[in-house]
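The block underneath contains the structure these notes are about, expressed in structure tokens.
The values are calculated or read from the model by the stated rules, or taken from the named source; none is laboratory data. Fair warning: this is a prediction, and the values are worked out from it, not measured in the lab. Cβ coordinates were reconstructed from backbone atoms using ideal geometry, including for glycine residues, and neighbour counts include every protein chain displayed.
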Amino acid sequence: MWSVGALLSCAAVGLNNKDLAEEIRRVTEPWTAGFSTGTDPEKAANWRWFRVTSNLVLVRVCGVPLDEVKAEMDVDLALLDSFYLEDGWNTFMAEGYNSPQSPYWGLTTLIATALAEDNAFWTAEEQPYPALFLPTLVPAPKQIVSNHPQSNHHFILSPAQFVTWPLKASQAKYSKFTYSSTFTFSVPTGLLIQQITPDSTLALSRDGAETWAVK
């Protein structure tokens with residue numbers, strides 16, 4: 001939805017074929033409006049961006065007056081701003097919706113190819129890649145990012161992050177004490193200690209090693 005909305009918005013600007021523009025509006029408006037009105041107004045999730053984009057399509061492509069959707073867009077943008085924590089969003093995120101179409105999301109970065117040649121994206125001065133990364137504290141997630149100067153080894157120390165959401169292997173993927181670009185991490189296949197195989201992890205048992213809690 002985000003990709004389609006963004007592409008329609010860009011394509012509609014400067015479209016010289018009026019018949020084609022009108023056909024785009026005719027097909028797009030009910031579909032986009034249906035998505036916008038079908039969004040749960042109480043749902044606090046990052047996909048509120050989709051409704052913002054849908055409303056932009058209604059305004060820029062379908063000719064809907066901005067006043068009709070501005071209040072809704074302001075509410076959504078205010079909610080999305082509340083997710084921002086220092087240098088980025090916090091953990092208002094999930095994995096349940098990931099599917100084979102997820103790579104389509106990644107391709108939205110190609111929208112940059114539609115920017116004009118004199119856009120700052122293309123004209124910004126290229127900076128040299130740092131020869132050495134010193135250990136750096138990232139305040140928002142409370143992580144330390146480091147680089148081994150003699151090897152191609154980047155890693156983070158992450159003592160503060162703890163995920164309680166019931167995602168698949170959430171503790172292994174998000175709550176270990178360190179993650180490395182060179183060494184993989186284990187993901188549990190069961191509840192026994194030999195199935196958990198806890199690396200970079202503190203594992204505690206309250207029932208004589210029958211079950212384990214990990215951090």
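Restricted to region 94-114, and to residues that are among the small types (G, A, S) and loosely packed, with under 11 Cβ neighbours inside 10 Å, which residue is modelled with the highest pLDDT? Among them, the one singled out is A112. Hey, can you tell me all the residues within region 176-215 that are within 30 Å of the chain's Cα centre (by Cα) and not in a loop (DSSP other than H, G, I, E, B)? Hits for region 176-215 are T178, Y179, S180, I196, A203, A213, V214. Can you confirm whether F177 is under 26 Å from H148 (Cβ atoms), surrounded by 14 or more Cβ atoms within 10 Å (Cβ to Cβ) and modelled with pLDDT of 85 or more? It is true that F177 is under 26 Å from H148 (Cβ atoms), surrounded by 14 or more Cβ atoms within 10 Å (Cβ to Cβ) and modelled with pLDDT of 85 or more. Scanning region 115-131 for residues that are surrounded by 10 or more Cβ atoms within 10 Å (Cβ to Cβ) and either on the phi > 0 side of the Ramachandran plot or in a loop (DSSP other than H, G, I, E, B) (or both), which turns out modelled with the highest pLDDT? It comes out as N119. Within 16 Å of the chain's Cα centre (by Cα) and at pLDDT 80 or above, is that true of W49? Considered against the rule, which asks whether it is within 16 Å of the chain's Cα centre (by Cα) and at pLDDT 80 or above, W49 comes out as yes. Of all the listed residues (L157, L192, L202, L134), the sole one being closer than 30 Å to F83 by Cα and modelled with pLDDT under 90 is L134.
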